Amino acid sequence: MGNHHSGEKFAAHLIAMVENEEYAQNRSKQRENMKVVFDEIDKNSSGTIEKAEIQQLFDVVIEGYHRAAEKVLAKDLPDHKEIEPKEVAALFKEADAEHNKKLPFHEFMVLVDKLCEILIEGKNIENLGSLVAAHKS
């Protein structure tokens, strides 16, 4: 299974985190779904995403985030629809608690949670804009 398949699964997770309250509260289901994506990225089954697998991680994250943002965010929020490799690198560095340039699953979940927060923040900005527009009418 390639990056595209993992990107779709990653996008589905992000979308569910924004749109499905039951899923957003079910940490075991989230971990189960993201473990599948993690295992697809962890080609050598070492239990960590390592240097040789980082590009695939970036590809999956960028594709998945873009797909999710296109689905859940309004067209007038272009700043929140794209995530750049440098932003993914910063999130990777933040999630890499052991500072060894590897991500075991628990650190991968930190990165996933940060991406969910970014997407939810975009959705909150969209909702705030809608409230302001409704109030002005």
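The values are calculated or read from the model by the stated rules, or taken from the named source; none is laboratory data. Predicted model, so just to flag it, every value in this text is computed and none were measured. Surface areas here come from the heavy atoms of the whole protein model, side chains and all, with no ligands, DNA or RNA. Shrake-Rupley method; radii C 1.70, N 1.55, O 1.52, S 1.80 Å.
To the nearest 10 square angstrom, how much accessible area does LYS123 have with a 1.4 angstrom probe?
50
Per-residue accessible area for ILE15 at 1.4 Å probe radius, Å² rounded to 10?
Roughly 30 Å² of ILE15 is accessible to a 1.4 Å probe.
What does the accessible area per residue of the range 14-125 come to in Å², with a 1.4 Å probe and no ligands, DNA or RNA counted?
Solvent-accessible surface per residue comes out at 54 Å².
Considering amide H positions built from the backbone, and no H for Pro or chain starts, which residues 5 or more places from ILE49, or on another chain, come under 5 Å of its amide H?
Excluding prolines and chain starts, which carry no amide H, the hits are LEU103.
For a quick check: with amide H placed at 1.01 Å from N, whose amide H comes under 5 Å from ALA74's, ignoring anything fewer than 5 positions away on the same chain?
none
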